[in-house]
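Inspection log for the structure reproduced underneath, given as structure tokens.
The values are calculated or read from the model by the stated rules, or taken from the named source; none is laboratory data. What you see is a predicted model, and the numbers here were worked out from it, not measured in a lab. Note that each Cβ is placed from the backbone with ideal geometry, even for glycine, and that neighbours are counted across all protein chains shown. Quick note on the areas: whole protein, heavy atoms, side chains included, nothing else; ligands and nucleic acids left out. Shrake-Rupley method; radii C 1.70, N 1.55, O 1.52, S 1.80 Å.
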Amino acid sequence: MKFVDLHLHSHFSDGTYKPAELAAHAQRCRLAAIALTDHDSVEGCEETARECATAGVEFIAGAELTAEQDENELHLLGYLIDILNPTLLTRIARCQVVRQDRIREMVARLNRLKVPLTAEAVFALANCRAPGRPHVARALVKARLCSSLDEAFERFLKRNRPAWVPKLKMSAEEAIDLIHQAGGVAVLAHPGLNRTDKVIPGLVEASLDGLECFHTKHSTVTSEHYLELADRYHLLVTGGSDCHGLSKGKPLIGTVRVPYQHVERLMARAAEIKATAQTRATR
Ligand code: AMP
Ligand code: ZN
Ligand code: FE
Ligand code: FE
């Protein structure tokens with residue numbers, strides 16, 4: 001049986017692995033395919049595709065877009081997207097500017113709390129266009145202003161903590177449309193973490209294609225619950241580890257895996273989406 005891990009981050013967002021390391025881990029875990037799903041970025045896809053080709057692992061281009069619906073932050077996974085799609089790239093570039101401005105605002109708040117971190121230190125450490133709170137946390141630890149990442153989140157960065165800054169986000173509907181016009185399949189990431197099933201009917205209305213039923217932070221009961229919802233709304237099923245690098249000394253990649261048949265279904269849906277986009281364009 002062939003298995004795949006469809007949720008991975010690299011150093012092109014807040015993961016720590018390089019594409020070559022992801023490909024090597026995928027090969028070691030005998031994964032037939034992996035998808036790269038960096039936050040608001042597709043920058044790592046080209047290199048990861050190359051490394052996967054060398055490692056004999058199939059590569060699926062993806063991204064995890066930050067969106068919102070009814071004041072809930074949602075993450076929408078786009079799979080099999082065209083990573084050169086100009087509309088997608090323009091919109092993602094705007095998200096990245098928002099993320100960079102947010103880092104400056106978080107640092108300003110820390111400075112007001114007499115925590116002497118600089119935005120430059122965070123940007124230097126992040127070394128990517130889509131910086132986020134994990135980079136601020138790592139910079140705080142590196143500067144010995146916090147003793148651990150957990151402490152950084154608990155004291156400063158968690159929602160409603162003093163250095164937390166809300167993100168300006170696109171609507172979930174916009175994110176789904178953006179993924180579709182780039183030829184991709186739109187999947188709601190880790191619905192069990194949002195605990196907001198009431199948003200799902202609206203997303204289905206907005207042409208959501210799938211639910212990430214299997215995820216590191218989903219219990220068996222939670223996964224079963226979302227499998228039932230996927231069935232009820234005729235949605236595709238995906239799953240992945242959401243690996244960001246080492247977690248408690250171990251890489252998560254490969255610890256959540258789904259059968260390859262789910263990739264085949266994603267491909268069939270992507271073909272339909274691309275055909276619809278083409279008919280629209282030629283009409
Ligand atoms: P951001 O996109 O900047 O809001 O950062 C979100 C990322 O921060 C998530 O993808 C997680 O990887 C990480 N994160 C969120 N909350 C915590 C927490 N309490 N402890 C550690 N990491 C967290
Ligand atoms: Zn992340
Ligand atoms: Fe997420
Ligand atoms: Fe993720």
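Some points to look at:
- Dipole magnitude of the chain about its Cα centre (Cβ charges: Lys, Arg +1; Asp, Glu -1), debye to nearest 20: 1000 debye
- Per residue, the solvent-accessible area of the range 7-91 (1.4 Å probe, heavy atoms of protein chains only, all protein chains present) comes to 37 Å².
- Cβ-Cβ FRET estimate between D70 and R112, R0 fixed at 30 Å, reported to 0.05: 0.45
- Largest GNM mean-square fluctuation across G249, G192, G44, computed for the chain with C-alpha springs under 10 Å, falls on G249.
- Three-way shape call for the range 132-283 based on the alpha-carbon gyration tensor, with the a/c threshold at 1.5: prolate
- The range 142-221 versus the range 13-47: alpha-carbon centroid distance in Å: 19 Å
- For the chain, averaging the sequence separation of C-alpha pairs within contact (under 8 Å, six or more residues apart) and dividing by the residue count gives a relative contact order of 23 percent.
- Centroid-to-centroid separation of the range 104-118 and the range 61-89 [C-alpha atoms, Å]: 30 Å
- Relative contact order, percent, the range 52-199 [alpha-carbon distance under 8 Å, six or more residues apart]: 35 percent
- Shown here for the range 66-164: GluC sites (Glu not before Pro) in loop regions (DSSP other than H, G, I, E, B) with at most 13 other Cβ atoms within 10 Å, namely E71.
- Beta bridge orientation in the chain: antiparallel %, DSSP, nearest 5: 45 percent
- Percent accessible area from carbon and sulfur atoms, the chain, protein chains only, probe 1.4 Å: 52 percent
- The mean accessible area for residues of the range 212-261, using a 1.4 Å probe and ignoring ligands and nucleic acids, is 53 Å² per residue.
- The 3J(HN,Hα) values that the Karplus relation (6.51, -1.76, 1.60; θ = phi - 60°) gives for the range 174-191 are, in residue order, 4, 4, 5, 4, 4, 5, 4, 5, 8, x, x, 9, 9, 10, 6, 6, 4, x Hz. Gly and Pro appear as x.
- For the range 1-41, the relative contact order works out to 56 percent when only alpha carbon pairs closer than 8 Å and six or more residues apart are counted.
- Taking trypsin sites (Lys or Arg not before Pro) across the range 1-45, the ones in a DSSP loop with at most 15 further Cβ atoms lying within 10 angstrom of their Cβ are K2, R30.
- Three-way shape label, the range 33-76, alpha-carbon gyration tensor, a/c 1.5: prolate
- The overall shape of the chain, judged from the alpha-carbon gyration tensor, is prolate: a/c is not under 1.5, and a/b is greater than b/c.
- Distance between modelled label sites at K2 and E174, nm, 7 Å Cα→Cβ extension: 3.7 nm
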